Amino acid sequence: MNIHDFGGSFMRSRFTSLVLVALATTLAACDDDDATSPSALARLDSRSTGANGDSASAPTVGSLDLRGTVYQMSVRTPVVAGQDSLVRTPLAGATIELRRNLLVDGKATQTVVGTVTSAADGSYSFTGLAGGYYVAYGYPPAGSALTETLEYVAGTQAQVTTNLFMWKGQ
């Protein structure tokens with residue numbers, strides 16, 4: 001994935017942090033001395049969330065529906081006191097690729113589970129997914145000067161909303 005240089009190291013560090021969080025969460029879900037043991041791998045997708053509602057363990061959601069909106073982000077100029085300087089405009093035609101985080105043979109991997117295109121109002125959805133941990137990758141419409149983006153998704157509830165934000169590249 002090409003990380004555009006909006007904010008320089010911010011975007012690269014955000015991407016790296018998300019991947020590390022996904023890996024750490026996947027490994028933590030094993031809760032075993034040897035995270036690659038067969039018993040740990042067998043439990044990875046069968047663990048429920050903790051009693052205090054934390055999501056460190058793989059969820060046992062029967063069917064997950066993921067919905068959201070893709071936004072084109074811009075800064076309102078000139079900045080006016082008392083007004084939000086960030087402008088969110090729904091973006092049609094963006095491609096959203098959803099990948100599930102998995103632990104395979106002791107290695108963190110991602111498997112593509114689906115690809116959709118955002119509607120005229122910027123909305124998108126994936127339905128009937130298994131509970132688990134995902135990463136939603138957003139790609140701007142062809143010919144656009146917008147940046148690619150990604151969001152980590154913890155599928156710990158039956159319905160999850162994850163919005164994607166795309167900025168104009170430099």
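Any chance region 59-76 includes a residue that's surrounded by fewer than 16 Cβ atoms within 10 Å (Cβ to Cβ) and either in contact with a helix residue (DSSP H, G or I) (Cβ under 6 Å, 6 or more places away or on another chain) or modelled with pLDDT of 95 or more (or both)? Among the residues of region 59-76, at least one is surrounded by fewer than 16 Cβ atoms within 10 Å (Cβ to Cβ) and either in contact with a helix residue (DSSP H, G or I) (Cβ under 6 Å, 6 or more places away or on another chain) or modelled with pLDDT of 95 or more (or both), which makes the answer yes. Inside region 84-138, residues that are among the acidic types (Asp, Glu) and modelled with pLDDT of 90 or more make up a count of 2. Here Asn52 passes the criteria (1) assigned to a strand (DSSP E or B); (2) of a type in the set (S, T, N, Q); (3) at pLDDT below 55 except the one numbered (1). The lone criterion from (1) on the phi < 0 side of the Ramachandran plot; (2) surrounded by fewer than 20 Cβ atoms within 10 Å (Cβ to Cβ) left unmet by Leu98 is number (2).
Restricting Ser144, Ser125 to residues that are assigned to a strand (DSSP E or B) and either under 13 Å from Thr69 (Cα atoms) or over 14 Å from the mean Cα position of the chain (by Cα) (or both) narrows the list to Ser125.
The residue list Leu103, Leu98 contains one member that is touching a Cys at 6+ places or on another chain (Cβ under 8 Å) and in a strand (DSSP E or B), which is Leu103.
Among the residues making up region 106-122, none is of a type in the set (D, E, K, R), outside any loop (DSSP other than H, G, I, E, B) and within 13 Å of Leu91 (Cβ to Cβ). For region 101-122, a residue qualifies if it is surrounded by 13 or more Cβ atoms within 10 Å (Cβ to Cβ), over 18 Å from Leu164 (Cα atoms) and under 15 Å from the mean Cα position of the chain (by Cα), and the qualifying residues are Asn101, Leu102, Gln110. Filtering region 81-95 to residues that are in a strand (DSSP E or B) and either loosely packed, with under 12 Cβ neighbours inside 10 Å or not basic (Lys, Arg) (or both) leaves Leu86, Val87, Thr89, Pro90, Thr95.
The values are calculated or read from the model by the stated rules, or taken from the named source; none is laboratory data. None of the values given here were measured: they were computed from a predicted structure. As a convention, Cβ positions derive from the backbone with ideal geometry for all residues, glycine included, and neighbour counts pool all protein chains shown.
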